[in-house]
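Right, one structure below, let's go through it.
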Amino acid sequence: MINTANGTISTSSSSANAQSPGLKTYFKTPEGRYKLHYEKTHPSSLLHYAHGKTVTQVTLAHLKEKPAPSTPTSSLSSYSASGGVRSAAARWLGAGNGSRTLGFAGGNGGSKSISSTSRIGSLGASSSSNSINNMNFDGKGTYLIFNVGDAIFISDLNSQDKDPIKSINFSNSNPICHSFDQDAKDGHDLLIGLNSGDVYSVSLRQQLQDVGKKLVGAQHYNKDGSVNNSRCTGIAWVPRGDGVFVVAHADGNMYVYEKNKEGAGDSSFPVVKDQTQFSVSHARYSKSNPIARWHVCQGSINSIAFSHDGAYLATVGRDGYLRVFDYSKEQLICGGKSYYGALLCCAWSIDGKYILTGGEDDLVQVWSMEDRKVVAWGEGHNSWVSGVAFDSYWSSPNSDGTGETVMYRFGSVGQDTQLLLWDLEMDEIVVPLRRCPPGGSPTYSTGSQSSHWDNISPLGTMQPAPSIRDVPKVSPLVAHRVHNEPLSGLIFTQESVLTVCRDGHIKIWMRPGVGEATQATAKQC
């Protein structure tokens with residue numbers, strides 16, 4: 001149970017999961033307080049292996065209404081579900097946990113109806129009758145998918161239940177990464193990449209309908225490492241790619257798959273001649289799957305991210321380089337080196353103009369697609385930066401709507417257990433025009449327009465590590481210790497910020513004003 005009135009948490013779970021006395025349940029920003037609303041975690045008794053072997057990652061999955069139901073099940077509002085998945089959770093977790101009463105009106109499961117409209121990531125959700133059969137489970141709602149040890153767990157974002165409603169166990173390897181496509185056309189919308197290199201695509205709805213602990217209806221790719229036996233490090237659907245997805249591996253290779261292909265025929269690719277150079281090879285046969293191999297770098301690819309329109313693909317790797325590709329042209333556009341060490345994470349702004357990276361130099365770097373350079377460094381973390389994300393739902397409270405001043409809000413988390421929030425006003429960034437000669441002074445200009453630079457680098461140029469005096473520095477707006485363990489990621493939704501630690505504990509921080517509005521609505525119902 002969370003008591004935000006006195007800023008403390010009490011819980012009936014083990015002391016290992018209890019809130020540390022040094023951790024506050026809120027943090028302040030200029031627009032108000034972000035409050036800890038509730039937490040998600042995994043039942044520790046269900047883990048077969050030490051979960052320290054893998055790092056927890058979280059995927060937010062918004063499951064739309066089941067297409068073309070044979071008969072109307074009920075008058076469902078935006079987020080709804082059946083008692084079937086609750087009964088399945090009860091059988092899995094035991095009657096004590098599965099039948100507990102939710103302390104929150106809403107969720108994807110049975111509860112009171114709050115509203116007839118909702119949004120992706122909404123926590124003020126509505127619900128439906130508990131009388132629907134499990135096989136007719138619509139599943140419409142928002143879920144958190146996260147990996148811990150040898151299992152994938154699925155939690156209902158809209159419920160205050162701490163335990164997940166579903167677990168999927170893998171007997172031969174640990175899941176590492178996953179991705180969800182809410183616009184998938186044929187049911188298979190969830191990708192899972194394993195430590196062994198194996199990849200699965202499944203229907204999330206079908207997994208929720210099933211009461212077992214194994215994948216059902218899965219398509220298996222790179223079986224037993226037949227194409228690549230190195231660890232999957234990143235996986236992503238190609239936006240508007242009609243079932244095409246990419247998988248990054250620890251050996252520096254990335255493969256392009258079509259989910260509807262069985263993978264018959266020879267799927268081998270020629271030997272990479274130069275490990276240090278980018279190269280693309282296509283499958284020799286039309287029935288082969290994967291259909292292409294991109295050799296990106298020497299050493300591990302640590303993270304991949306598509307721009308929101310799918311035009312560009314960013315990768316970061318063990319060699320410390322960000323690389324940006326024109327996906328359709330299979331062409332390296334630009335990239336550059338970290339200040340030092342590996343880069344671990346990357347994320348795009350929603351307008352595709354900027355890329356965030358973080359890594360072993362403890363810095364958050366802002367890269368400009370227009371300038372093809374680092375235009376700002378965020379200094380504030382005391383250890384490796386493990387997750388970055390733009391807050392596409394935030395708007396400046398001082399914005400006058402003219403659009404003349406562009407400001408971005410983004411967040412970062414690190415192994416120092418801190419969440420940092422940053423505001424970046426691009427018109428105020430001072431960008432050096434040129435590197436100064438020894439003993440000279442650099443020339444600066446306000447703004448970050450490409451016309452300010454003497455020469456924009458040729459296509460495909462990889463920038464060296466920048467000089468510390470060449471990059472403007474920014475300080476965090478907020479620095480808040482949110483977990484006891486090192487953090488591995490964060491997600492922004494319209495109502496909240498989600499933080500996750502590498503051991504599989506997730507916290508949902510409500511935006512200013514949202515928590516009070518949700519509680520008031522719940523009381524009225």
**Item:** Prolate/oblate/rounded label for region 216-327 (Cα gyration tensor, a/c 1.5)
**Value:** oblate
**Fill in**
D (µm²/s, integer) via Stokes-Einstein for region 184-256, Kirkwood Rh across alpha-carbon pairs, 20 °C, 1.002 mPa s: value 168
**Message:** Between S286 and V211, what's the calculated FRET efficiency when r is the beta-carbon distance and R0 is 41 Å? Round to 0.05.
**Reply:** 0.55
**Request:** Please give the contour-minus-distance gain from I468 to K64: 0.36 nm per residue of separation, less the Cα-Cα distance, rounded to one decimal in nm.
**Result:** 140.7 nm
**Request:** Sticking to Cα atoms, compute the Rg of region 454-503 to one decimal and its Dmax as the biggest Cα-Cα distance, whole number, in Å.
**Result:** 17.8, 47
**Asked** In straight Cα distance, which aspartates and glutamates are under 13 Å from K259, not counting same-chain residues fewer than 8 positions off?
**Response** D181, D186, D189, D242
**Prompt:** Taking the simple approach of a point 7 Å from Cα along Cα-to-Cβ for both Y340 and D224, what is their distance in nm?
**Reply:** 4.6
**Fill in**
Between N382 and S328, the FRET efficiency computed from the C-beta separation at R0 = 30 Å comes out, to the nearest 0.05, as 0.15
**Prompt:** Rolling a 1.4 angstrom probe over the protein heavy atoms, how many square angstrom per residue are accessible across region 272-415?
**Reply:** 40
**Complete:** Once M407 and E425 are pulled to full extension, the length gained, defined as 0.36 nm per residue separation minus their Cα-Cα distance, is 6.1 nm
**Message:** Run the simple label-point estimate for I350 and S457 please: 7 Å along Cα→C-beta, distance reported in nm.
**Reply:** 2.9
**Fill in**
Given pairs K140/K214; K35/K373; K185/K214; K140/K213; K24/K337 and cut-off 31 Å on Cα-Cα distance, the over-length ones are K35/K373; K24/K337
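The values are calculated or read from the model by the stated rules, or taken from the named source; none is laboratory data. This one's a predicted model, so the numbers in the text were calculated from it and none came from an experiment. As a convention, Cβ positions derive from the backbone with ideal geometry for all residues, glycine included, and neighbour counts pool all protein chains shown. Just so you know, the surface numbers come from the protein's heavy atoms only, side chains and all, with ligands and any DNA or RNA stripped out. Shrake-Rupley method; radii C 1.70, N 1.55, O 1.52, S 1.80 Å.
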